[in-house]
């Protein structure tokens with residue numbers, strides 16, 4: 001259910017991206033006309049640092065898409081789709097190879113035990129099959145735990161370059177209070193997520209895999225409830241963290257957004273009483289705010305694409321392995337006893353939990369970007 | 001991190017294997033009950049042992065630290081915007097004065113307005129340097145317009161015949 005929700009959220013964000021990319025005021029010919037100051041403002045905000053901070057693989061996916069490109073949304077989505085098409089077959093083949101190995105072991109075990117009578121030897125053959133399946137799955141799990149943690153670290157490092165630029169752009173566009181609040185909330189919760197992942201969630205996923213293997217090895221359902229509890233603890237921790245983040249972001253955003261609106265109205269009334277100078281100051285302010293608003297949206301869209309590029313390969317890898325392991329579990333239930341299919345299904349669930357962890361890191365940045373992009377403009 | 005997770009998985013799975021082997025080999029009866037108890041204890045130790053040895057993370061949940069960082073970013077952005085805004089306003093006012101002088105028929109060749117930050121948190125034109133071979137009457141005409149429309153008093157209007 002949670003995986004379904006995560007997939008729906010990702011789809012929504014991907015579909016919303018092109019609309020956000022065209023959210024600027026076009027001229028009569030339909031092209032976006034940025035103010036002349038935009039380049040200088042972009043240099044002041046150091047928007048180039050966002051592209052430089054992008055991990056190597058993600059930069060390769062996005063290719064020549066620039067932070068201030070007006071067609072970054074369309075170009076970026078095409079690049080992501082291309083990368084998706086190129087990588088999906090390889091990942092699917094690897095996942096199916098693992099599934100093939102597991103099903104082979106299950107089939108041999110099933111054939112061997114079918115001719116044996118109940119007793120010690122039959123149990124030992126079953127234990128041997130569990131060990132063999134675990135060996136295949138644990139190799140995958142080890143790789144995926146590294147992949148998940150590396151992705152979270154990459155997201156955290158990238159956020160350290162993206163968030164200050166986004167905060168600068170949003171503050172220059174007039175959302176001084178809410179930009180500051182949103183930066184602080186996202187930076188804090190990113191740190192909390194990384195710390196929780198390293199010290200709590202990933203170890204729990206490891207224990208979950210171990211207890212699933214132990215439950216399959218042991219003759220009775222000794223660790224069944226432990227496995228269920230670990231799964232609940234893990235998903236509850238991720239859900240709670242995301243819930244706390246989104247609630248904090250929304251609540252603090254509402255309060256700070258109101259303060260920004262009031263400050264904007266006060267600035268307008270102060271400018272209204274001045275003569276020629278007032279017009280010049282007002283025009284200069286609106287030029288800068290328009291430029292900053294354009295840059296804020298451009299950085300936001302590039303941030304979207306960059307986070308999607310960082311998460312693309314890990315999410316597809318984990319998602320496909322999750323589905324393939326669940327499918328293998330369903331097939332193996334027809335061939336052997338429930339303990340073995342439960343083991344394969346539980347390992348698939350562990351991949352699902354890792355997927356949830358990586359996706360929550362990406363979603364955290366997505367929510368922060370959306371929230372900053374829709375913040376009040378001082379105009 | 002993954003090394004620790006891997007050794008943890010191996011420890012628990014290994015303990016479970018030993019327990020399973022012991023369970024298969026132990027005959028039914030009182031010995032079986034003792035074996036079950038021992039295996040349970042071994043499994044619990046295998047699960048919680050790495051957790052007991054783990055140091056608690058030193059994460060600061062103090063939001064003020066993050067707010068301090070974000071305030072610095074916002075202040076930096078504001079000061080850069082103010083600098084840019086000053087340049088734009090100065091250029092606009094320079095152009096305005098030249099246009100106005102032209103419409104008055106004065107051969108003004110240069111105008112350089114200097115801005116100052118007011119207590120109302122915005123820039124205002126403080127002084128101006130006007131350049132051009134203007135007659136006294138033309139100078140007074142331009143000077144009066146600058147004072148009336150830009151609010152720069154004559155005492156802060158400096159005249160020069162040549163541009164520096």
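Laid out as a table, the results:
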quantity: Pairwise label distance in nanometres, residue A:198 with residue A:84, each label 7 Å out on the Cα-Cβ vector; calculated: 3.2
quantity: Reciprocal mean inverse distance between Cα atoms of the stretch A:284-374 - Kirkwood radius, Å; calculated: 15.7
quantity: Sorted by Cβ density within 10 Å, fewest first, the residues B:7, A:114; calculated: A:114, B:7
quantity: Considering only chain B, percent of DSSP beta bridges that pair antiparallel, nearest 5; calculated: 65
quantity: Rel. contact order, % - alpha carbon contacts under 8 angstrom, at least six apart, the stretch A:49-373; calculated: 33
quantity: Intensity falloff of chain B expressed as log10 I(q)/I(0), Debye formula with alpha-carbon point scatterers, at q = 0.08, 0.12, 0.19 Å⁻¹; calculated: -0.52, -0.74, -1.12
quantity: Relative contact order (percent, whole number), the stretch B:79-160, Cα cutoff 8 Å, 6+ residue spacing; calculated: 25
quantity: Where only alpha carbons of the stretch A:62-178 are counted, the Rg and the Dmax (Å); calculated: 24.8, 78
quantity: Shielding by partners, peptide A:176-183 (average Cβ within 10 angstrom, other chains); calculated: 4
quantity: Simple label model, 7 Å out from Cα along Cβ direction - residue A:374 to residue B:135, nm; calculated: 6.6
quantity: Computed E for residue B:149/residue B:75 - FRET, C-beta separation, R0 41 angstrom, nearest 0.05; calculated: 0.80
quantity: Cα Rg over Rh - the stretch B:79-160, Kirkwood; calculated: 0.99
quantity: Cβ neighbours within 10 Å from other chains - mean over A:161-172; calculated: 4
quantity: Kirkwood estimate for the stretch A:107-251, i.e. one over the average of 1/r between Cα atoms, Å; calculated: 18.7
quantity: R0 of 30 Å, Cβ-Cβ distance residue A:279-residue A:51: FRET efficiency to nearest 0.05; calculated: 0.20
quantity: Choice from B:119, B:81, B:90 with maximal GNM fluctuation in chain B (Cα, 10 Å cutoff); calculated: B:119
quantity: Listed peptides A:134-143, A:283-292, A:303-312, B:149-158 by packing density, highest first (mean Cβ within 10 Å); calculated: A:303-312, A:283-292, A:134-143, B:149-158
quantity: More than 33 angstrom apart: percent of Cα pairs within the stretch A:49-373; calculated: 41
quantity: Label-point separation in nm, residue A:335 to residue B:116, each point 7 Å along Cα→Cβ; calculated: 8.7
quantity: 10 Å Cβ neighbours from other chains, averaged over peptide A:278-291; calculated: 4
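The numbers here are math on the coordinates, done by the rules we state, and not lab data. Everything numeric in this text was worked out from a predicted model, so none of it was measured. Ideal geometry is used to build each Cβ from the backbone, glycine not excepted, and the neighbour counts take in all protein chains shown.
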